[in-house]
Amino acid sequence: MAQGAAAQREGSAAAEPRAGPEAAALAGRRGRVAAELKALSVLAAPIILTQLSHMGMSAVDAVMAGRVSPVDLAGIALGASFFWPGMLLLSGIVMSVTPTVSQMHGGGQASEAGAVVRQALWIALIGGLLLAVPMQFAEAGYRLIGVDPAAIPIASAYIGAMSFGLVPILGYFVLRYLCDGLSWTRPAMVVALCALALKVPLNYLFVYGGFGVPAMGGVGCGVSGAIVMWGELIAMVAIARYSRVRDLGVLARFSWPDPAIVWRLLKLGVPIGVALFFEVAVFSVVTLLVGHLGVDAVASHQIASNVGGVAFMIPLALGMAATIRVGYNIGARDYAGARRSVFVALGASLAFALVAAVALFTLREDIAGLYTKDPEVISVAAGLLLLVALYQFVDDTQVTAMGALRGYKDTRAPMLTAAFAYWVIGLPLGAALGFGVGGVAALGVTGFWIGLVAGLAVAAVMLIWRVWRLSGNPARVRRLALG
């Protein structure tokens, strides 16, 4: 017995050196993942509050307009369907500032960011002016499409008011993306929270009237929105001039457009903008098509879209944080760290999707009741929120993967993925199910949402596969970093 015990102790002692390195390696991996999760959280938390504040302004519009009438709610939904795709196309183009600056930051070249940002401001100015012009003729577009005539006057007046805030909000985005690229995400959070605090009283004033201002209904949401956009730009300019960002000299000197820098930004940013446009535009087209089904259908769709949009802000923020972390690690030539950033972000996004899906499933009728008192609209919207709960899993993963790919400066493949998933799969399937094409029973607005879920699922699979292969190919990563 004693000899057996001694032999067992000797065997255990012999095994410890082999188990020790394995245990140490496992502990090291866990430590690195924990450190990455902490770094991601520090970046993402302010971005989440920023995005929720911006989405909160849309929610405030929907709630206040909905309490005026379903026609006002449908009007701002149709107005937003024209305004946001174009605006996000341009904001996506200037989003090229974030991966560019984050890689400069990681490589110790942040002092060169000022010249890049001044060129991005030229893109914002020219692009914003060019887009604002056709927005003045939205009414003709609505009549051509054939949406509910009752909502057209509100929709066209809303978008006309919002267009006056287009250039300032794009300038705000450029300066915000500069701060994000420097891994400093709090300024945008502070500005967005202040903007939301300003939006609420302005909405009350212009939507319901008071102090000599006439009640404008849904149109008042557009007026207050334009004012808030100017306020956001002014606040971000103050941050660029008087905070630690001033050392970069972004606004300390004037620069004429530099074709070489502008081209690099456009080459990187246009696919980002087009991908955002494809995603948002498909929802806008669905809104316009649902307009053929009547005001109640549009109002129900707007509620589901708004709730889904609020939930979407969390994974969107995680994707933006992943852009920063991946870009920084690539600038520092830590390719393993960049890959780790990707999958920590994806894990966090999936965890949130589970929580959001459970909440939406459980509280769907109560949430719909916050937007309207119309029982028919509540019933349809609650059914749509079941689909919103389902698509959390695919939507959250695809937007986070797309954000990670931007950090690698890989923007063309995500753009093509978005085009295929949303416009070849999602929209045709949704239209077929919604209108009952080809002998299929017409499911109304529910059919459109089934198509959207299917398209997002395809996008999620394709983007995760892309980021998996790219993140494991350092040679390809280096080529992309060099442009």
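The values are calculated or read from the model by the stated rules, or taken from the named source; none is laboratory data. Since we're looking at a predicted model, the values are computed, not measured. Glycine also receives a Cβ, built like all others from the backbone with ideal geometry; neighbour counts cover every protein chain displayed.
Answer yes or no: is there a residue in the range 201-213 that is farther than 20 Å from residue 56 by Cα, crowded, with 23+ Cβ neighbours inside 10 Å and out of contact with any strand residue (DSSP E or B) (no Cβ under 8 Å at 6 or more places or on another chain). Scanning the range 201-213, I find no residue that is farther than 20 Å from residue 56 by Cα, crowded, with 23+ Cβ neighbours inside 10 Å and out of contact with any strand residue (DSSP E or B) (no Cβ under 8 Å at 6 or more places or on another chain), so the answer is no. With respect to being crowded, with 24+ Cβ neighbours inside 10 Å, at pLDDT 90 or above, in a helix (DSSP H, G or I) and out of contact with any Asp or Glu (no Cβ under 8 Å at 6 or more places or on another chain), residue 172 falls outside the description. State which residue is surrounded by the fewest Cβ atoms within 10 Å (Cβ to Cβ) when the search covers only the range 436-450 and only residues that are in a helix (DSSP H, G or I) and in contact (Cβ under 8 Å) with a residue 60 or more places away in the chain. The selected residue is 450. If you check 36, 112 for being acidic (Asp, Glu) and under 22 Å from residue 245 (Cβ atoms), only one passes: 112. For the range 119-147, the tally of residues that are surrounded by fewer than 21 Cβ atoms within 10 Å (Cβ to Cβ) and touching a residue at least 60 places away in the same chain (Cβ under 8 Å) stands at 3.
The set of residues in the range 89-116 that are under 23 Å from the mean Cα position of the chain (by Cα) and part of a loop (DSSP other than H, G, I, E, B) comprises 95, 96. So which pairs qualify, if the first residue must be in the range 376-400 and farther than 13 Å from residue 352 by Cβ, the second must be of a type in the set (Lys, Arg) and part of a helix (DSSP H, G or I), the Cβ gap must be under 6 Å, and the two must be at least 6 apart or on different chains? Matching pairs, first to second residue: 382/364; 385/364. For the range 227-253, the set of residues classified as basic (Lys, Arg) and farther than 17 Å from residue 180 by Cα consists of 253 only.
Taking the numbered list (1) surrounded by 22 or more Cβ atoms within 10 Å (Cβ to Cβ); (2) in contact with a His (Cβ under 9 Å, 6 or more places away or on another chain) in turn, residue 306 passes all entries but (2). Residue pairs whose Cβ atoms lie under 6 Å apart, sitting 6 or more positions apart in sequence or on different chains, and linking a residue in the range 98-118 that is over 19 Å from residue 173 (Cα atoms) to a partner that is of a type outside the set (A, V, I, L, M) and modelled with pLDDT of 85 or more, are 106/328; 106/331; 107/331.
Filter the range 59-70 for residues that are part of a helix (DSSP H, G or I) and surrounded by fewer than 21 Cβ atoms within 10 Å (Cβ to Cβ); which is modelled with the lowest pLDDT? Selected residue: 59.
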